[in-house]
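Chemist: What follows is a single structure, and I will ask about it in a moment.
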Amino acid sequence: MINYKKEIAVLLSEKIETLSYEEILSLVEHPKNTEMGDYAFPCFKLAKAFKKSPNVIAEELANTLPQTEWLESIVAISGFLNFTVDASHFAKNVIVAVLDQTSNYGKSEVGAGKKTIIEYSSVNIAKPFHMGHIRSTMIGESLHRIYKFLGYDTVAINHLGDYGTQFGKLIVAYKLWGDKATIESDPIPELLKIYVKFHQEAETNPSLEDEARAWFTKLENEDEEAVALWTLFKDMSLKVFNRVYEKLGVTFDSYAGESFYSDKMPGIVNELREKKLVEKSEGAEIVNLEPYGLIPALITKKDGSSLYLTRDLAAAKYRKETYNFDKNIYVVGSAQKLHFQQWIKIVELMGYDWYKDCIHVDFGMVALEEGSLSTRKGNVVFLEDVLDKAVVQTQAIIEEKNPNLENKALVAKQIGIGAVIFQELYTSRNKDYTFDLEKTLSFEGETGPYVQYTHARACSVLRKVETIDLSVADFSVLADEASKDVVRTLSKFNEVVVLAHKNYEPHTIARYAIDLAQGFNRFYHDHAILVDDAKVMHARIALVKAVKITLQNALSLICLEAPEKM
Ligand code: ARG
């Protein structure tokens, strides 16, 4: 595919000596208003060197740049050079590329030879996998897919919360009140129940806390019974968690959680001591981070046991040694911003320059629309319950709208779960948002079902045509604004994917999917596709196919399926 942006930069660099080709390329942009053209080049930066006003420079460049077959016009407007690409050339160039590359359309090699670790979800053993966890889980999985798509060698890690003093409490609670069969039938709520009971009882019976501490120490010393119980909790929890991951289409390469680093703690604590970074403070050990405007980081507790932050230090070092990453990404909520600032600063103080490659990708909160979700167990809303409810409601919608649909059950899952994921990723990550199931499942508005429905609509048109013959197609019929807008959007897919990865922002792709779907629906509304004139029909159906492919690729990067019939 000809990259017009680059070609324009080539034309310009022959006339502009004061800026490098790369600088020129970085200045070429898409005008906000498409009436101004497809690409624009601002001349303001040239004023000083040319000793002329941007207006005059733009006029002069417009008159001296050479004509090419793919450019319809170059116009100077208030200091900008506006380029309009020949619609027929544009359409053919883009459509042929999409049809040729199919599921690879949008890929590039920006990540070739680079290794990226993405840590996400990182739920806690024996605790609910609740609605709030959708953020880390889906932003992380989407980034995982985007990075892979761009050629990065990726490692997806679920840093399970499977260690800490709470496991001592859980063991005590289990031994007092646990019933294996009951817990196995519904592990998380039952484990939560005895854990809550532990805290209630401990208020009047503080010796329980001592017992819990003793059991955690046993666990640290690999006492057989303690390890067996901990393993039981972990296995039962993972069974439930994996059921949710499967529903969401989320996968990991490693489940090395906090416990994995327990034997690496003494090493990291010693290193901190040797590097003279720790100080004693009331029996505990801390790193003073005051010079950097941060509160002190607690490394070991009074009783010598290690901490969450220390485990993160050990984990980062282990990852560098094991994977030699170029980038080590953590998808974790904004509430832990300080925690990440602290330990990344400590990595820097330890003298490791790869601290720069450790990136906290943070995000805001998700709240729940009052009344839209009932809480089955206490006041936590389980993510799995939301997914199941979305599927049931989608089934009802299908029964009403299209009862004869093939594979109804499967499609209901693809739409229902996809809708929840889309709603999550459609919000830019730093924004808080309120989850509203009704709005999420709507086929209208900016929703997952709307995009999926548009894809299915394209599929249904495509089923009516046996073959697409590009040699017959007359691409000049795609010169009207609705068609050209679709072509333009298609042409931007690669840029959008690169931008999403740069900003760690799957939202960019979700937004793109909506733009493409809306553009396609305008085109579909304005034009008959299956017309008698073969030149017209083949050009339009080729555009439909290109949209189908690109929508599917975009949906897959944000973890949605693209059913062909809905
Ligand atoms: N399990 C932790 C929590 O639920 C999140 C872990 C985040 N990852 C990390 N490397 N600290 O809060």
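The values are calculated or read from the model by the stated rules, or taken from the named source; none is laboratory data. Source: prediction; values computed, not measured. Every residue, glycine as well, gets a Cβ built from its backbone with ideal geometry; the counts of neighbours run over all protein chains shown. For the accessible areas, the whole protein counts, side chains as well, though only heavy atoms, and no ligand, DNA or RNA atoms are used. Shrake-Rupley method; radii C 1.70, N 1.55, O 1.52, S 1.80 Å.
Chemist: So, in nm, how far is label Glu481 from label Asn221 when the simple model puts each one 7 Å beyond its Cα toward the Cβ?
Modeler: Here the modelled spin labels are 7.9 nm apart.
Chemist: For the stretch 112-247, state what percent of all Cα-Cα pairs lands in each successive 10 Å bin, counting from 0 Å until the bin that includes the largest distance.
Modeler: Answer for the stretch 112-247: a P(r) of 11, 35, 28, 17, 7, 1, 0 percent.
Chemist: So what is the diffusion coefficient of the stretch 431-491 in µm² per second by Stokes-Einstein at 10 °C and 1.306 mPa s, using a Kirkwood Rh over Cα pairs? Walk me through the numbers on the way to the answer.
Modeler: Details: Rh = 14.8 Å.
Answer from the Stokes-Einstein relation: 107 µm²/s.
Chemist: Treating the angle as unsigned and between 0 and 90°, give the value, to the nearest 10°, between the Cα long axis of helix 481-491 and the longest Cα principal axis of the chain.
Modeler: Helix 481-491 sits roughly 50 degrees off the main axis of the chain.
Chemist: Still on this structure, I have one more. Determine, from the Cβ-Cβ distance of Ser262 and Glu23 and an R0 of 45 Å, the FRET efficiency 1/(1 + (r/R0)^6), rounded to the nearest 0.05.
Modeler: Once rounded, the FRET efficiency stands at 0.30.
Chemist: Counting just the Cα atoms, what span does the stretch 186-237 cover along each of its three principal axes? Round to the nearest Å and put the largest first.
Modeler: For the stretch 186-237, the Cα spread along each principal axis is 30, 29, 11 Å.
Chemist: Suppose R0 equals 22 Å. What FRET efficiency, 1/(1 + (r/R0)^6) with r the Cβ-Cβ distance, do Asn3 and Ser460 give to the nearest 0.05?
Modeler: Working: r = 33 Å, r/R0 = 1.48.
Computed FRET efficiency for Asn3 and Ser460: 0.10.
Chemist: Using a Debye calculation, one point per C-alpha and no hydration shell, please list log10 I(q)/I(0) for the stretch 524-566 at q = 0.22, 0.25, 0.26 Å⁻¹ in order.
Modeler: For the stretch 524-566, the Cα-only Debye profile gives -0.78, -0.86, -0.89.
Chemist: Still on this model: Can you give me the angle between helix 187-204 and the longest principal axis of the chain, using Cα atoms only, in degrees from 0 to 90, rounded to the nearest 10?
Modeler: It works out to around 50 degrees.
Chemist: Hey, another quick one. Estimate the FRET efficiency between Ala528 and Ser78 by the formula 1/(1 + (r/R0)^6), using the beta-carbon distance for r and 41 Å for R0, to the nearest 0.05. Mind dumping the intermediate values first?
Modeler: Values: r = 40 Å, r/R0 = 0.97.
Computed FRET efficiency for Ala528 and Ser78 comes out at 0.55.
Chemist: Using Stokes-Einstein with the Kirkwood hydrodynamic radius over Cα pairs, what translational diffusion coefficient do you get for the chain at 20 °C and a viscosity of 1.002 mPa s, in µm²/s rounded to a whole number?
Modeler: Translational D for this selection: 79 µm²/s.
Chemist: Can you give the alpha-carbon Rg of the stretch 71-187 over 2.2 N^0.38 Å, where N counts its residues? Numbers along the way, then the final one.
Modeler: Numbers: Rg = 26.0 Å, N = 117, 2.2 N^0.38 = 13.4 Å.
Against the empirical 2.2 N^0.38 Å value, I get 1.93 for the stretch 71-187.
Chemist: Rounded to the nearest 500, what is the 222 nm mean residue ellipticity of the chain from helices alone, with -39500 (n - 2.57) per DSSP H run of 4+ residues and division by all residues? If you can, show how the numbers build up before the last one.
Modeler: Details: 22 runs with 300 residues, N = 566.
Here the helix-only value at 222 nm equals -17000 deg cm²/dmol.
Chemist: Any idea of the accessible area per residue across the stretch 10-56, 1.4 Å probe, to the nearest Å²? Display every interim value, and only then the final one.
Modeler: Working: 2930 Å² over 47 residues.
Using a 1.4 Å probe on heavy atoms only, each residue of the stretch 10-56 averages 62 Å².
Chemist: For the stretch 446-566, compute the orientation-averaged projected area of the C-alpha convex hull (one quarter of its surface), in nm².
Modeler: Numbers: hull surface 29.0 nm².
Result: a mean projected hull area of 7.2 nm².
Chemist: Moving to a separate point now. With a cut-off of 8 Å between alpha carbons and a minimum separation of six or more residues, what is the relative contact order of the chain in percent?
Modeler: Values: 891 pairs, mean separation 85.7, N = 566.
About 15 percent, as a whole number.
Chemist: So, in nm, how far is label Val56 from label Lys280 when the simple model puts each one 7 Å beyond its Cα toward the Cβ?
Modeler: My value for the distance between the label points is 7.6 nm.
Chemist: Kindly provide the pair-distance distribution of the stretch 321-464 built from C-alpha pairs, with 5 Å bins from 0 and whole-percent values in order of increasing distance.
Modeler: 2, 8, 13, 16, 13, 11, 10, 9, 8, 5, 3, 1, 0
Chemist: Another one. I'm checking a number: the convex hull volume of the Cα atoms of the stretch 1-120, normalised per residue, in Å³. What is it? It would help to have the intermediate numbers written out before the result.
Modeler: Values: hull volume 19.2 nm³, N = 120.
It is 160 Å³ per residue.
Chemist: Going by alpha carbons, how many degrees (0 to 90, nearest 10) lie between the helix axis of 408-426 and the longest principal axis of the chain?
Modeler: 90 degrees
Chemist: Follow-up. Determine the share of the chain's accessible area contributed by carbon and sulfur atoms, expressed in whole percent, with a 1.4 angstrom probe.
Modeler: On the way: 12510 of 25480 Å².
Ligands and nucleic acids excluded, carbon and sulfur reach 49 percent.
Chemist: Tell me, in nm to one decimal, what length is gained between Lys114 and Leu368 on full extension, where the rule is 0.36 nm per residue of separation less the Cα-Cα distance?
Modeler: Additional length available on full extension: 87.6 nm.
Chemist: Could you give me D for the stretch 88-133, from Stokes-Einstein at 10 °C and 1.306 mPa s, where the hydrodynamic radius is the Kirkwood radius over C-alpha pairs? Units µm² s⁻¹, please. Don't skip to the answer; put the middle values down first.
Modeler: Working: Rh = 15.1 Å.
D, rounded to a whole number, is 105 µm²/s.
Chemist: Another one. Pop a pseudo-label 7 angstrom from the Cα along the beta-carbon direction at both Thr64 and Glu444 and give the gap in nm to one decimal.
Modeler: A separation of 5.6 nm, rounded to one decimal place.
Chemist: Skipping prolines and chain starts, which residues have an amide H placed within reach, meaning under 5 Å, of the one on Leu81, given they are 5 or more residues away or on another chain?
Modeler: Phe41, Cys43
Chemist: OK, next. Excluding residues fewer than 8 places away in the same chain, name every one of the lysines whose C-alpha is closer than 24 Å to that of Lys180.
Modeler: Lys127, Lys169, Lys193, Lys197, Lys218, Lys234, Lys239, Lys377
Chemist: A further question follows. Given a 1.4 angstrom probe, what's the average accessible area per residue across the stretch 149-285, in square angstrom?
Modeler: Details: 6770 Å² over 137 residues.
About 49 Å² of surface per residue is accessible.
Chemist: Under 8 Å for C-alpha pairs, at least 6 residues apart: give me the relative contact order for the stretch 405-464, rounded to a whole percent.
Modeler: On the way: 35 pairs, mean separation 18.7, N = 60.
Here the relative contact order equals 31 percent.
Chemist: Tell me which lysines have Cα within less than 17 Å of Lys51's Cα, excluding those fewer than 8 residues away on the same chain?
Modeler: Qualifying lysines at Cα under 17 Å: Lys15.
Chemist: Looking only at the stretch 439-453, which residues have a backbone nitrogen under 17 Å from a spot 7 Å from the Cα of Lys565 in the C-beta direction?
Modeler: So the set is 453.
Chemist: In addition: Can you bin the stretch 391-508 into rounded, prolate or oblate? Criterion: square roots of the alpha carbon gyration tensor eigenvalues sorted a ≥ b ≥ c, rounded for a/c under 1.5, prolate for a/b above b/c, oblate for the rest.
Modeler: Working: a/c = 2.54, a/b = 1.18, b/c = 2.14.
Oblate.
Chemist: Continuing with this model, one more query. Remind me, relative contact order of the stretch 239-346 in percent, using alpha carbon pairs under 8 angstrom and six or more residues apart? Present the calculation step by step, with values, prior to reporting the outcome.
Modeler: Details: 87 pairs, mean separation 22.4, N = 108.
Dividing the mean separation by the residue count of the stretch 239-346 yields 21 percent.
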